[in-house]
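Throughout, read-outs are computed from the coordinates displayed, never taken from laboratory work. All values derive from a computational prediction rather than experimental measurement. Heads up, the Cβs are rebuilt from the backbone with ideal geometry, glycines too, and the neighbour counts pull from every protein chain shown.
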């Protein structure tokens, strides 16, 4: 994904590089017709296409037909400034389409099967002449492409892993085992040659360090604390319903089941006499299936594409809800990850309720540092009790709010993280004789 303020990866990258000189940044990214690059962060982009990423039949033929029908080109430098691709709002996928996509994902059919350096990409790299590659690969071809670029330019690599995506790829199909071995081989080669390796949490870094026999450094999604913070004691108390907010994507392997449980909890609290509403906020509209499965009498689905509107809603909520899935498959995917929204939730000062297994990083860190109340069992009665407690107990709310803001300032501050990472990059570049 390009730098942007809508997608989780785009937000993470934008937060990390927000104050870097634009002329010293360039990004190579997969094509996306839905999200426009943020030229406030970076003005130099290259969109990968079929000249760089090869797909297997029949998706290769299908992709060519789609590009022909849409009039899209392949691998090329993307226009910047006023000519940047504009974001388009695509319709959320149907339930059947989601199932088909899940089946294709499990077999690795959604992703390119190989990569190569095209003449156009080489020219782009030669013209920009980077000193270091910062890569967040989440599929085999992009892992391979990262090494190909580094080998071509003879520059160091800094590799970041955001979640435990590897076991979710190539789980089914006749060639699944062979594809998993190939992915593992390429990942190990990438981490072996990388100058820097980053995980999203301390727990991930410890696990991956043991798994790949290389040191990993924690690098979570940083946040502009001053921008998000709304002191709890200075907020005006309204006379209407109390407000619970979830802000983020509706991901099957993350928040999905928890959002449905909170909708039931809010109905229970309203029947018991506590006026509460639950807002599920995203940058794209929820589809009919999601509304039907997750909604309720006191639940609303809100589409807020603009970040400033999201910050305002989070800052005036009475409680922020942070659910993580309890099923075994989802836990495999998120077992080392911190939700990208965690730091922003903390910085806001709004009390946080985590609904997640006890052994995932967000629960462990919340218990250790006190920045959220944790319900660690998939139990609606426990969730209802904790929700009622956090909405009505002023001392508990104040204690969680203070701990969360303190944690955000000490460990997730955007400016401090940018300086730390910049120094690490300078050291890596200096060791290879590049300019810094």
Using alpha-carbon positions, the gyration tensor of region 225-411 gives root eigenvalues a ≥ b ≥ c; with a/c under 1.5 called rounded, otherwise prolate if a/b exceeds b/c, else oblate, the class is rounded
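Ranked highest first by average number of other Cβ atoms within 10 Å, how do 239-245, 343-349 line up? Could you put the intermediate results ahead of the total?
On the way: 239-245: 16.3, 343-349: 27.9.
In descending order of packing, they fall as 343-349, 239-245.
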